[in-house]
Amino acid sequence: MTKPVFRYDMTIEEICEIGNQYIDLVWKALYDSMLDELTIAFQEIEDAAYGRYLDRLMPALFEGLEDAGFEVTEPLKEDDFVIGNCLLFRNSLEKWGTEDHRSRMFWNVIRSKDSQQPIGTLLTEIPHSHLKFDIPAAPVLYSLREYEREPIAQGIRRIKE
């Protein structure tokens with residue numbers, strides 16, 4: 001799978017734009033190639049089937065950011081549940097949509113590896129169904145300048161509500 005190319009001097013908005021170009025390029029072909037496998041998996045493990053999909057979709061994006069000199073996740077806690085290499089469930093909200101078209105938003109504060117300064121937050125929206133394995137629309141990235149938990153949650157609400 002192609003890996004998006006980022007530069008260390010990019011803004012969070014530029015990172016978001018390149019990330020969305022990558023997702024637009026690969027999400028549907030990956031989804032189609034995994035649909036049978038994940039439809040069966042959904043019957044056994046339900047929502048965890050989406051984690052399997054994200055485990056294939058998201059690592060190239062996060063690796064591209066790390067290659068460019070960014071830190072994309074915070075230190076893990078003992079009980080963290082991580083999918084897609086860097087999406088932490090404790091850094092996500094799921095409040096929007098119907099059972100057949102829900103929306104979960106994950107966030108990753110993006111920092112410069114050198115200075116440890118946050119440049120902003122990358123949000124990953126995963127549309128999904130709770131009734132069967134289905135991703136009814138492309139995953140989407142959003143950017144926020146905020147990088148602390150409550151302002152991030154407020155930013156997500158602004159986008160979704």
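Every read-out reported here was derived from the displayed coordinates using simple, explicitly stated rules and does not represent laboratory data. Fair warning: this is a prediction, and the values are worked out from it, not measured in the lab. Note: ideal-geometry Cβ built from the backbone for every residue, glycine included; neighbour counts use all protein chains shown.
Over all other residues within a Cβ to Cβ distance under 10 Å of D47, the charged ones net out to 0, with Lys and Arg as +1 and Asp and Glu as -1. For Q154, neighbours were defined as the other residues whose beta-carbon sits under 14 Å from its Cβ, and their charges (Lys and Arg +1, Asp and Glu -1) total +2.
Placing unit charges on C-beta atoms (Lys and Arg positive, Asp and Glu negative, everything else neutral), compute the dipole magnitude of the range 12-160 about its Cα centre in debye, rounded to 20.
460
For the range 69-84, 3J(HN,Hα) computed residue by residue from phi via the Karplus equation (6.51, -1.76, 1.60; θ = phi - 60°) reads x, 10, 9, 10, 9, 9, x, 6, 9, 4, 9, 5, 10, 10, 10, x Hz, glycine and proline entered as x.
Descending by average beta-carbon neighbour count within 10 Å, the peptides 21-30, 134-143 line up as 134-143, 21-30, the highest first.
When the GluC sites (Glu not before Pro) in the range 1-55 are filtered for DSSP coil states and for at most 13 other beta-carbon atoms within 10 Å of their beta-carbon, the remaining sites are E46. In percent, rounded to a whole number, the relative contact order of the chain is 23, using alpha-carbon pairs under 8 Å and six or more apart. Here is how the number arises for the chain: DSSP H runs of 4 or more residues each give -39500 (n - 2.57), the sum is divided by the residue count, and the result at 222 nm is -13500 deg cm²/dmol.
Backbone phi angles across the range 131-138, fed through the Karplus curve with coefficients 6.51, -1.76 and 1.60 (θ = phi - 60°), yield HN-Hα couplings of 8, 7, 6, 7, 10, x, 7, 4 Hz in residue order; Gly and Pro are listed as x. Fraction of C-alpha pairs exceeding 25 angstrom in the chain: 28 percent, rounded to a whole number.
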